[in-house]
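Step one of this worksheet: look at the structure below.
Where a number appears in this text, it was derived from the coordinates with a stated rule and is not lab data. Quantities reported herein were computed from a predicted structural model and do not represent experimental measurements. So basically every Cβ, Gly included, is an ideal-geometry build from the backbone, and we count neighbours across all protein chains shown.
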Amino acid sequence: MIQKTFKQTTSITGRLKRIMSIIVIFIVFCTVIVYLSSINTLHGLQNLNTANLLLNFNSQAIELVNNAEKNLDKTLTQKSVDDLQLLHDKNSGLLLKLTNDSIAESENFPELITLLKTFNEIQIQYDIRYRTIIQKLNQSLAVNKVKAEILLARQLLLEAKETLSKIQFFIKNEATEIFAQTYKNRFEPIAVTSIVAIIFFVFVITFGLSISKKIELSLSNLLKATNRISQGDLEHQAKILEFDEIGQLTNAFNNMVVSLKSTQDNLNQSLERSRRLQNIAASLSEALIPDQVYTIIFEQAYEFLGAYSAQIALLSADKKFLEIQKMEGFDKEIYLKWKRVPVTSDLPITEVLHFGSPLFSSIEDLKRYSALDAKEDEVILAHTMACLPLLIGSERLGVLAFSFTHDRQFNQDEKDFMMALARQCAQAIHRSILYDNAKQAVEARDEFLSIASHELRTPLTPLKLQVQGIARQAKNGKISSLTPEQLQKMAESSERQINRLSTLIDDLLDVSRITSGKFNLKKDYCSLKEIINEAIVQYSQRLQDIHNQIDFVVEKDTIGLWDKIRIEQVVTNLLSNASKYAPNKTIHINILNKDHIAKIEVRDEGPGIALEDRDRIFNRFERVASRENLGGLGLGLYISKQIVDAHKGKLFVERSSDQGSVFVVELPEENLT
Amino acid sequence: MNSKKTILLVEDDLDISEAIQSILEEEGFELKCSFNGKEAIDYLSEAPQMPDLILLDIMMPQMNGYQFREVQLKDSRLASIPTIILSAAGKCDDLDVYHFRDCLKKPLDLETLIDVVHRNTD
């Protein structure tokens, strides 16, 4: 699983903030609407109030006009003019004030203002007239003249009354109309307020519920995921419903799970790896032969690393070649081409062998090796390669190589695993080689012991029978019946058996000396011809019962600095072999000298030696014939070769056919070292 | 002379062969000697009369004791001849596999040899 990136596109607090501001705007909007819906009603009420006030003024004005009339009536009867004057001023002042107040209140009723102004004018005219009356009275003019003036004044008062009743009528009409209107619209503000409130609540509830629902869902999702993870299900990923803070939290949680899973996977992987390495170590400890080791290593590479091909190449004995021991995955042609490559070739495997450190080559890297041909090695070049040195300490055993399809990259864990695999492999190979050597040594020793015991028992058998025979004759009192000839024959036979035994023991001692490095030569100048002659005599004495003719030709004799007895031993061995494989046939010996090298050629007329056996026969305990077919320890040629080698010479089979084999001993004339 | 029991000795070592021959002839047996399995088969195929016992060495050139025994067991005329092996290996493991009558370990003990030969010819 991969960690997911998250882009937060919404936010819970942002949404809440938005909703809050919408609510505030909404409230302001509602207030305005409610205010607007109630403003008409207020206006009506205000007008009604004004009308009421004006009516009140009107009735006061009527009363004051009536007072003025009474005052006017009293004018002729009143003796004190001053009192009249005072009364009039007071009345007139009140009325003026009322009129002005009414005008001030009637700004909404222009018609009323006109009426009030008319009334005011009438009042002013009356005031003037009344003052005139008072003045005339003071001048004590004729009552008649005053009466006319009073009549005119009365006329003005009537006009005033008329105007006042007009005003009253107007106000009453107006008030009735306003009241009817206001009464009619009395529920409007409540209705508007209620509707607005309902819309507001629906809005708030809807949004609130939707947000809380989403939050609840996201949280329950997260909770479920937490539960599943606590139960060990690390594959589960909580679903992100909203790209908000909870989404962010869920994403962080999911990423945490991914990293937990990856940590757990890594842990499991390393556990698996160490378990695997333990298993490999256990399997390898049981693998005793190299092929078993290779099979185990290859299986691991396929199974655990998904390798396409695997190869194991070991350094040849002379350390000049890398030899493929096992290759799987690639075609046989590739194996045949690369089964043995010089360590100097420009190849990844030789590079690894040279530097002793692992090499992980991509397809591009591989193209740089000049030894890899673009056409012939197309398949190799199409694979990523991992080459690992097989090391035991600083000793290089070879290289372990794996090829992988595609341009594979290795992580550190895989590299570590491969290196561990190579280490285990190297140790197992080393062990198997040691085991193999030990096994071969044990087998050789067992075979040697078996042959030695057989060879030692053979001369012992007649010796024991003869000795027991004599004892038996003596016991039966027949010892005197044995003729001197019989006794002599017995003694000779016994001596022969003893000689055979001592020769065998000498051979065994020689081998022991050679193996322990205590083989010393006692060199002296001697003639090759004399040595051969002596050997022929020795041979004839030792093997009386074998009737081979010996044809000795001296082409050229050599005097050399050699160990006479040892060279004699070599020749006797060759003669003994020749008579063993070619009984009753002529043995040809020829000595010559070529370029200061003395040569002894011993040719028999036997069945010959197969080409593949010609090197083998000079090893310890080796014979051309199978063990059962011919007796002998198989030490003769081995000892002979060691002797010749010690003289810095050569012992080999020059040719061999149906006509027989030719063994050649080459000895340098002098070797003073 | 006709009452003399005949023994075929198959042994490649001349000294052993001679020693056994002189001892058993002394005991009144008639000895026929072959130096390997091949010679023994050749002798048996031409012999007018089958031997009463075969003493068989194992390690011999050309045809060893086991190879001889295989040929012997396939030939109905020869299969019934009691055969004793002379083993130089110091062990007698193959007694049952090849149905040998007995096994004598080298170096042979005189009394045992005489005793075993008598027992298997009487």
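The slack in the chain from B:His99 to B:Gln62, taken as 0.36 nm per residue of separation less the alpha-carbon distance, amounts to 11.1 nm. Considering every alpha-carbon pair of segment A:304-367, the percent of pairs per 5 Å bin, from zero through the bin containing the longest distance, is 4, 15, 24, 28, 21, 6, 1.
Taking every pair of alpha-carbon atoms in segment B:22-68, give the share separated by more than 12 Å as a whole percent.
Values: 688 of 1081 pairs.
When every Cα pair of segment B:22-68 is considered, 64 percent fall beyond 12 Å.
Would you mind giving the average projected area, over all directions, of the Cα convex hull of segment A:445-542 in nm² with one decimal? Could you put the intermediate results ahead of the total?
On the way: hull surface 38.1 nm².
The number I arrive at for segment A:445-542 is 9.5 nm².
Using a cut-off of under 13 Å, list every residue of segment A:257-284 whose amide N is near the label point 7 Å from the Cα of A:Gln3 along the Cα-to-beta-carbon line. Label zone hits: A:257-263. Take chain A and mark each of the GluC sites (Glu not before Pro) that is in a DSSP loop with at most 12 other Cβ atoms within 10 Å; the longest unmarked stretch, sites excluded, is A:377-554.
Take the Kirkwood radius over Cα pairs of segment A:1-98, plug it into Stokes-Einstein at 4 °C and 1.567 mPa s, and you get 63 µm²/s for translational diffusion.
How would you classify segment B:78-122 from its alpha-carbon gyration tensor, with a ≥ b ≥ c the square roots of the eigenvalues: rounded for a/c under 1.5, else prolate if a/b is greater than b/c, otherwise oblate? It comes out oblate by the Cα gyration axes.
Of the trypsin sites (Lys or Arg not before Pro) found in segment A:413-484, those in coil by DSSP whose Cβ has at most 14 other Cβ atoms within 10 Å are A:Lys478.
Would you calculate a helix-derived [θ] at 222 nm for chain B, using -39,500 (n - 2.57) for each DSSP H run of n ≥ 4 and dividing by the full residue count, to the nearest 500? Kindly include the intermediate steps, with their values, before the conclusion.
Working: 5 runs with 49 residues, N = 122.
Computed mean residue ellipticity for chain B: -11500 deg cm²/dmol.
Please sort by residue number the trypsin sites (Lys or Arg not before Pro) in segment A:1-73 whose DSSP state is loop and whose Cβ has at most 14 other Cβ atoms within 10 Å. Qualifying residues, ordered by number: A:Lys4, A:Lys7.
Within segment B:64-93, which residues have the backbone N less than 18 Å from the label spot 7 Å out from B:Thr112 along Cα→beta-carbon, could you tell me? The answer is B:83-93, whose backbone nitrogens lie closer than 18 Å to the label point.
The angle separating the long axis of helix A:245-286 from the principal Cα axis of greatest extent in chain A is about 10 degrees. Would you work out which of A:Ile600, A:Ser80, A:Leu487 lies farthest towards the positive end of the dipole of the protein assembly as shown? Charges go on Cβ: Lys and Arg +1, Asp and Glu -1. Positive-most Cα among the choices belongs to A:Ser80.
What is the local net charge at A:Arg472, summed over the other residues whose Cβ is closer than 11 Å to its Cβ (Lys, Arg +1; Asp, Glu -1)? Show your work: numbers first, answer last.
Numbers: positive: A:Lys475, A:Lys478; negative: B:Glu26, B:Glu27, B:Glu111.
Value of the local net charge: -1.
Under the simplified labelling scheme, the A:Phe187-A:Gln231 pair shows an inter-label distance of 6.0 nm, with each label point 7 Å from Cα along Cα→Cβ. Candidates A:Leu359, A:Tyr369, A:Ala317 compared by Cα position along the dipole of segment A:292-374: farthest toward the positive end lies A:Ala317, with charges placed on Cβ. For chain A, the longest principal axis of the C-alpha atoms and the axis of helix A:412-475 are separated by about 20°. Using C-alpha pairs under 8 Å with a sequence gap of at least 6, the mean separation divided by the residue count of chain A gives a relative contact order of 8 percent. Using the Cβ-Cβ distance between A:Asp365 and A:Phe243 with R0 = 41 Å, the FRET efficiency computed as 1/(1 + (r/R0)^6) comes to roughly 0.35.
Which entries of A:Lys320/A:Lys650; A:Lys17/A:Lys261; A:Lys529/A:Lys650; A:Lys339/A:Lys599; A:Lys580/B:Lys32 show an alpha-carbon separation above 29 angstrom in the structure shown? Mind dumping the intermediate values first?
Details: A:Lys320/A:Lys650 25 Å; A:Lys17/A:Lys261 38 Å; A:Lys529/A:Lys650 18 Å; A:Lys339/A:Lys599 40 Å; A:Lys580/B:Lys32 24 Å.
Over 29 Å apart, Cα to Cα: A:Lys17/A:Lys261; A:Lys339/A:Lys599.
Percent antiparallel among DSSP beta bridges with both residues in segment A:492-618, to the nearest 5? Working shown, then result.
Working: 11 of 16 bridges.
If I count the DSSP bridges inside segment A:492-618, around 70 percent turn out antiparallel.
Partnerless cysteines in chain B, where a partner means another cysteine C-beta under 4.7 angstrom, comprise B:Cys33. If you bin all the Cα-Cα distances of segment A:583-623 at 5 Å, starting from zero, the percentages per bin are 5, 17, 16, 19, 23, 16, 4, 0.
Each stretch of four or more DSSP H residues adds -39500 (n - 2.57); spread over every residue of chain A, this sum gives -22500 deg cm²/dmol at 222 nm. Using the Cβ-Cβ distance between A:Ala438 and A:Gln325 with R0 set to 22 Å, the FRET efficiency works out to roughly 0.65. Using the Cβ-Cβ distance between A:Asn520 and A:Lys489 with R0 = 41 Å, the FRET efficiency computed as 1/(1 + (r/R0)^6) comes to roughly 0.55.
Semi-axes of the equivalent ellipsoid for segment A:102-246, computed as √(5λ) from the eigenvalues of its C-alpha gyration tensor and ordered from largest down, come to 91, 15, 8 Å.
Compared with the alpha-carbon gap, the fully stretched path from A:Leu158 to A:Ala252 is longer by 24.1 nm at 0.36 nm per residue. Label positions at A:Asn279 and A:Glu555, each projected 7 Å from the Cα along the C-beta direction, are separated by 6.9 nm.
With both labels modelled 7 Å from their Cα along Cα-to-Cβ, the A:Ser194 to A:Lys415 distance reads 8.3 nm.
Using only the Cα atoms, work out Rg/Rh for segment B:42-122, with Rh taken as the Kirkwood radius, to two decimals.
Values: Rg = 12.6 Å, Rh = 13.3 Å.
Radius of gyration relative to Kirkwood radius: 0.95.
Using all alpha carbons of segment B:4-43, what is the percent of pairwise distances in each 10 Å bin, ordered from the shortest bin to the longest? Using 10 Å bins, I get a P(r) of 33, 53, 14 for segment B:4-43.
Give me the orientation-averaged projected area of the Cα convex hull of segment A:490-621, in nm², one decimal. Don't skip to the answer; put the middle values down first.
Values: hull surface 38.1 nm².
If you wrap the Cα atoms of segment A:490-621 in a convex hull and average its projections, you get 9.5 nm².
Would you kindly calculate the mean projected area, averaged across all directions, of the convex hull enclosing the Cα atoms of the protein assembly as shown, in square nanometres?
On the way: hull surface 312.9 nm².
Projected area, direction-averaged: 78.2 nm².
Mean 1/r over all different Cα pairs, inverted: what Kirkwood radius does segment A:225-382 give, in Å?
Over segment A:225-382, the inverse of the mean reciprocal pair distance is 19.9 Å.
Extension gain for A:Leu209 to A:Ser657 (0.36 nm times residue separation, less C-alpha to C-alpha distance): 150.3 nm. Using Cα-only point scatterers and the Debye equation, what is log10 of I(q)/I(0) for segment B:1-99 at each q in 0.18, 0.25 Å⁻¹, rounded to two decimals? With one equal scatterer per Cα and no solvent, log10 I(q)/I(0) is -0.82, -1.51. Can you give the net charge of the other residues whose Cβ lies under 15 Å from the Cβ of A:Ile246, counting K and R as +1 and D and E as -1? Charge balance near A:Ile246 sits at +2. Of the trypsin sites (Lys or Arg not before Pro) found in segment A:345-405, the ones in coil according to DSSP and having at most 13 other Cβ atoms within 10 Å of their Cβ are A:Lys367, A:Arg368, A:Lys375.
For chain A, the longest principal axis of the C-alpha atoms and the axis of helix A:188-230 are separated by about 10°.
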